[in-house]
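This report concerns only the one structure given below.
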Amino acid sequence: MAIRNKRSHKFRGADIYTYIRAKHDIAPERHFTLNKNWRSHPELIQSVNYIFEHSPEQFEHKSIPFVSVDSGRSFDSQQAPIDHDQAAFEVCHLVVDEQQDSGNSETNINNTDDTAIINAEEVKDKNKSTSSTKECDKTTIASTQGYDLMAKWCAVDIVNLLNGHKHKGPDDPKAVSTGDICILVRSRPQAKIIKNSLSQLGLDSVYLSRDSIFSSKVAQDLNLLLVAIAAPNNEQKVKTALATQLFQYSVEDLLTFQHDPNLWQEKLNWFFEAQVELQRGNITSSVEHLMFCAESYSKWSSSVNDFNRHVTDLRHLLEILQTQQKQHAGIEKLLLWFEQQISMDVSNESNDEKVLRLESDSNLIKIVTYHASKGLEYPYVYLPFICNAMLSKQAIYTSEKDNTTYFRADNRLIELQYAEQERMAEDIRLLYVSLTRPIYRVVIGMFNVVNRQFKLHQTAIYKLLFGREEQSNIDERISDYFTAMSKQVTNNQTAGVVYKKVTVSEVHDAFKSSPVLLMPKNSDEASMVFNHYNPPKKHDWRIISYSMMSNQIGHASHSDVIKSEPDVLFETRGLTKQKKVNLMISLSHQKGFLISFIFQKALMREPVSIGF
């Protein structure tokens, strides 16, 4: 029973205190510890051991002690893809430029930052001194600015890493490809930041998460589109649907539609045509008809950063709706169900249909959430956003005395601080999970972050390195810590830890001057090739008409007909005054000729019986 990381499964409903109680119920002689790591490079293991061994708080709970582990296997320096100028554990420390005005960073603070949603005034240290605040203002970097810079630095480092391995063949064990690289993030907004920076340098990536398909923007837009298709007479709903990202129309385009009656009628006709397909139960055909008329896919490929992601989500949603249509009588009930799925919190449900389908190309750079990475491993791991915190917004905590969970409705400060301690302990365990994902190398980014909701001393990495109290001269302390760590974790061939200090201007310059990689296409990818078909030439057929047959029969003798067409003999009776005519006719490959011949003969004369 692995207690150390179980709280990282809180999003699935796991409770760390349940495991702690189970540990206390088991006799100590039955407690066992896995003391070998069979995944990571020895220097990487030493680095993680150093951080937790020197941590004042470790896992924030006496029942969850940190136990140092050893490497379970040896890595040959000739096989491990780590060059002499690289390290198993690398730190990029972002600092402000010396000439930068201290007020610049404060002006970049975004009140709508997605990384935290808590009123930090209730939990911040009220005894903070004025001198410490001024010192912090000179060196802090706003979270939005810092995350963007960290993403750019991460993209530049990946470009340099891949360029350094271009000379190595694909069979070289030390060669590094994009499929070996993983970037761990906490949320979708962070994934968008790093994905945008990667795409600017020509690096393709894929975001892997356990998010619900119904929480995507495509699901919301598709719901508006289906509502408009179901009621095309309501022009307001049609206007709303055309304004979604599915059509990629600009504001100028929408205004043009409104002022041009012919264009607007054309758009309405699209929706009426789609309604016909929808009423027949063809949801996919209905939506695809509109997408084809508006040339949406062409617009997506040129304007949408993640084209494959959008197409995959749309196809997945249409498949779900087509399946659910069998369980809901009528389009109204189906749309009501779809709207409920979007509005409900379905992220914790374990339905495979509601999980985003992922791109199959394994050669892309992977962007994975901390939770989704649990139990997985990646050769190279980047952690650019660990200077981040989502503070507790509700006073919900578990008492260590009686193992009872309490909820304080008025969010009294003391109870909110208890909840904040649990949040911090959980983030530290989640950080441990992230640091132990790589096989060969991990790269972390740090900076003295400031945000209207949190500061650096409220993050897990700060608590792990420096303890509870907020201190001044943060940048100097970070530099001293990792400089000392680099002297402890090393070997004869490479430096186990590399510490780099970069300024804001240096990151900007490096990103602007970085080459844009043109990623090669996957050689295993199937290509569309048309095979030429050359059918054998057949001459055992001919085109014959009724007129030609009639003329031939009328002017030829009975024996001539038999000689010319000796294949099959049919007898017709009663066609003309009970006169019997024996007719030889060749069917060959024209099997329908005889029936056509008989009916045409019969229709030209009075109704008679036909016998054989």
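The values are calculated or read from the model by the stated rules, or taken from the named source; none is laboratory data. Quick caveat, the model's predicted, so the values are computed rather than measured. Here the Cβ is made from the backbone with ideal geometry for all residues, glycine too, and neighbour counts use every protein chain on show. Keep in mind that these areas ignore ligands, DNA and RNA; they rest on the heavy atoms of the full protein, side chains included. Shrake-Rupley method; radii C 1.70, N 1.55, O 1.52, S 1.80 Å.
Values for this structure:
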read-out: Subset of the stretch 374-401 [more than 18 Å from Ile193 (Cβ to Cβ) and outside any strand (DSSP E or B)]; value: Lys374, Gly375, Leu376, Glu377, Leu391, Ser392, Lys393, Gln394, Ser399, Glu400, Lys401
read-out: Pairs with Cβ under 8 Å, 6+ apart, first in the stretch 325-342 and surrounded by 16 or more Cβ atoms within 10 Å (Cβ to Cβ), second outside any helix (DSSP H, G or I); value: Gln325/Gly281; Leu334/Gln325; Leu334/His328
read-out: Test for Val48: is it over 19 Å from Arg468 (Cβ atoms), free of Cβ contacts under 8 Å to residues at least 60 places away in the same chain and among the β-branched types (Val, Ile, Thr); value: no
read-out: Tabulated pairs, the stretch 279-291, first at pLDDT below 90, second assigned to a loop (DSSP other than H, G, I, E, B), C-beta under 9 angstrom, 6+ apart or interchain; value: Gly281/Gln325
read-out: Identity of the residue in the stretch 33-60, of a type in the set (Phe, Trp, Tyr) and surrounded by 15 or more Cβ atoms within 10 Å (Cβ to Cβ), that ends up modelled with the lowest pLDDT; value: Phe59
read-out: When residues of the stretch 189-223 are limited to those that are open to solvent by 20 Å² or more (accessible area, probe 1.4 Å) and free of Cβ contacts under 8 Å to residues at least 40 places away in the same chain, the one nearest to Ser513 (Cα to Cα); value: Lys192
read-out: Count of the stretch 196-218 residues which are closer than 14 Å to Lys152 by Cα and in contact with a Leu (Cβ under 9 Å, 6 or more places away or on another chain); value: 4
read-out: Flag for Leu254 being modelled with pLDDT of 90 or more, surrounded by 12 or more Cβ atoms within 10 Å (Cβ to Cβ) and closer than 20 Å to Lys217 by Cβ; value: yes
read-out: Failed condition for Gln245, given (1) assigned to a helix (DSSP H, G or I); (2) surrounded by fewer than 17 Cβ atoms within 10 Å (Cβ to Cβ); (3) not aromatic (Phe, Trp, Tyr); value: (1)
read-out: Scan of the stretch 224-242 for residues that are of a type outside the set (Val, Ile, Thr) and open to solvent by 50 Å² or more (accessible area, probe 1.4 Å), ordered by number; value: Leu224, Asn233, Asn234, Glu235, Gln236, Lys237, Lys239
read-out: Failed item, numbered, when Leu431 is tested on (1) closer than 30 Å to Ser177 by Cβ; (2) of a type outside the set (Lys, Arg); (3) assigned to a loop (DSSP other than H, G, I, E, B); value: (3)
read-out: Search result, residues across the stretch 368-382 that are crowded, with 24+ Cβ neighbours inside 10 Å and aliphatic (A, V, I, L, M); value: Val381
read-out: Residue that is surrounded by the fewest Cβ atoms within 10 Å (Cβ to Cβ) [pool: residues in the stretch 61-91 that are modelled with pLDDT of 75 or more and small (Gly, Ala, Ser)]; value: Ser68
read-out: Pairs, first open to solvent by 10 Å² or more (accessible area, probe 1.4 Å) in the stretch 138-158, second assigned to a helix (DSSP H, G or I), C-beta under 6 Å, six or more apart; value: Lys138/Ser102; Thr139/Asp475; Lys152/Ser197; Lys152/Val507; Lys152/Phe511; Trp153/Val507; Val156/Ala510; Val156/Phe511
read-out: Selected residue (criterion: most open to solvent (accessible area, probe 1.4 Å)) from residues of the stretch 284-310 that are touching a helix residue (DSSP H, G or I) at 6+ places or on another chain (Cβ under 7 Å) and hydrophobic (A, V, I, L, M, F, W, C); value: Phe307
read-out: Hits in the stretch 464-473 - residues which are surrounded by fewer than 23 Cβ atoms within 10 Å (Cβ to Cβ) and part of a helix (DSSP H, G or I); value: Leu465, Phe466
read-out: Total residues in the stretch 258-283, condition open to solvent by less than 60 Å² (accessible area, probe 1.4 Å), among the charged types (D, E, K, R) and closer than 15 Å to Leu226 by Cβ; value: 1
read-out: Matching residues in the stretch 463-488 - criterion: being modelled with pLDDT under 80 and either β-branched (Val, Ile, Thr) or in contact with a Lys or Arg (Cβ under 9 Å, 6 or more places away or on another chain) (or both); value: Glu470, Gln471
read-out: Any hit, the stretch 449-456, residues being over 15 Å from Ser55 (Cα atoms) and open to solvent by 50 Å² or more (accessible area, probe 1.4 Å); value: yes
read-out: Residue that is nearest to Arg21 (Cα to Cα) [pool: residues in the stretch 402-423 that are part of a strand (DSSP E or B) and open to solvent by 80 Å² or more (accessible area, probe 1.4 Å)]; value: Thr405
read-out: Enumeration of residues in the stretch 400-432 that are closer than 16 Å to Glu60 by Cα, at pLDDT 80 or above and among the basic types (Lys, Arg); value: Arg423, Arg429
read-out: Only one of Gln236, Gln275, Gln265 that is over 22 Å from Ser302 (Cα atoms), in contact with a helix residue (DSSP H, G or I) (Cβ under 6 Å, 6 or more places away or on another chain), assigned to a helix (DSSP H, G or I) and modelled with pLDDT of 90 or more; value: Gln275
